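Report on the structure given below.
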């Protein structure tokens with residue numbers, strides 16, 4: 001396989017670390033440069049197993065710094081970018097929208113500008129932008145998001161990701177920059193910072209803390225195992241059709257409250273607790289502002305054109321996920337210590 005120099009942004013984060021590990025192990029001829037700012041959600045402990053690999057290099061840096069990004073492109077002469085770096089949590093975007101505007105919009109523009117300035121021969125280049133299904137807005141009780149679904153973002157987070165998607169497509173149409181975009185559903189699995197629902201509730205159940213559920217818990221999400229997402233990115237990257245968009249989903253729609261009850265049931269079994277013990281920790285709190293009712297991804301284009309489909313159903317995936325967090329207590333304790341230890345408790349108390 002031809003040698004390539006690939007920049008992965010946000011590679012110390014949840015999805016990014018799984019992708020970096022996959023590419024470093026699967027493609028020894030590729031030089032993988034992992035660029036991450038190492039905010040609270042980026043953690044080099046996610047990649048200790050490949051940190052000394054000969055085809056891997058980590059660089060700490062901020063995509064908002066345009067001069068730094070341009071110098072990085074000049075030095076490494078990247079053949080491709082897989083752009084995952086983003087502020088990604090809706091609650092935080094409601095509290096601090098400018099952080100999301102700077103990283104998700106300005107940061108993406110900086111990467112696009114650096115690629116445009118550096119890539120003189122576009123024949124073997126690729127700018128792969130990883131996005132979210134939240135750009136499409138909210139669904140009713142029926143239907144699914146398709147690649148042609150109109151954008152209708154409802155939160156500062158989803159609006160910032162929608163903006164970055166539009167920028168990437170604009171650079172393709174205006175400048176001929178070779179791009180591809182994927183929009184994924186909710187990811188779950190190992191190494192996820194416990195501000196997100198599944199690792200947060202695993203952590204809280206283990207420590208007999210309350211399980212705060214927005215509204216009545218009836219919002220519906222489509223859940224995708226993170227390792228399946230990494231495989232999908234791999235497939236799209238290597239079978240790319242320039243300018244295309246692909247939706248990546250797990251075909252796993254769950255009401256929040258039903259998903260939480262599954263987690264409770266599995267946790268009771270794993271912790272040798274009486275059945276129903278963890279469900280007693282559920283507490284209903286005021287609903288999130290602008291809370292989208294339902295997301296569901298139609299991933300048939302990806303399956304029909306490139307042959308990808310998810311490998312795990314949720315019941316199997318959630319058991320693997322819970323096992324990982326229970327077996328990696330030190331990792332979980334480290335990322336929940338310090339300034340973010342009581343973040344969620346404080347946020348819910350304000351409502």
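We did not get these values from a lab; they are worked out from the coordinates using the rules stated. Predicted model, so just to flag it, every value in this text is computed and none were measured. Reconstructed Cβ throughout: ideal geometry from the backbone, glycine too, with neighbour counts over all protein chains shown.
Just a few scattered comments:
- Rounded to whole Å, sorted largest first: equivalent-ellipsoid semi-axes of region 296-337, Cα gyration tensor: 32, 12, 9
- Hypothetical label at residue 141: residues of region 219-255 whose amide nitrogen lies under 15 Å (7 Å Cα-Cβ projection): 219-220, 255
- Between the beta carbons of residue 300 and residue 216, assuming R0 = 41 Å, the FRET efficiency works out to 0.85 to the nearest 0.05.
- What the Cβ-Cβ distance of residue 5 and residue 174 gives, at R0 = 30 Å and to the nearest 0.05, is a FRET efficiency of 0.75.
- Extended-chain gain in nm, criterion 0.36 nm per residue less alpha-carbon gap, residue 71 and residue 257: 62.2 nm
- When each of the peptides 262-272, 29-39 is scored by the mean number of other C-beta atoms lying within 10 Å of its residues, the order from highest to lowest reads 29-39, 262-272.
- Legend: calculated FRET efficiency, residue 58 to residue 166, from the Cβ-Cβ distance at R0 = 35 Å, rounded to 0.05, equals 0.70.
- Size of region 64-140 from its Cα atoms: along the principal axes, largest to smallest, the extents are 44, 28, 13 Å.
- Extension gain, residue 118 to residue 289: 0.36 nm times the residue separation minus the Cα-Cα distance gives 57.4 nm.
- Over all pairs of different C-alpha atoms, region 35-192 has a mean inverse distance whose reciprocal, the Kirkwood radius, equals 16.9 Å.
- Largest-first principal axis extents of the Cα set of the chain (Å): 63, 44, 39
- Taking the average, over residues, of other Cβ atoms within 10 Å as the packing measure, peptides 52-65, 178-191 rank 178-191, 52-65 from highest down.
- Three-way shape label, region 148-283, alpha-carbon gyration tensor, a/c 1.5: prolate
- Prolate/oblate/rounded label for region 1-73 (Cα gyration tensor, a/c 1.5): oblate
- Relative contact order of the chain, defined on C-alpha pairs under 8 angstrom at six or more residues apart (%): 17
- Considering only 231, 273, 288, the mean-square fluctuation computed in a Gaussian network model of the chain, springs between alpha carbons under 10 angstrom, is largest for 273.
- Whole-number D in µm²/s for region 200-259 (Stokes-Einstein; Kirkwood sum over Cα pairs; 10 °C, 1.306 mPa s): 111
- Annotation: extensible slack from residue 26 through residue 39 equals 1.9 nm (criterion: 0.36 nm per residue apart, minus Cα-Cα distance).
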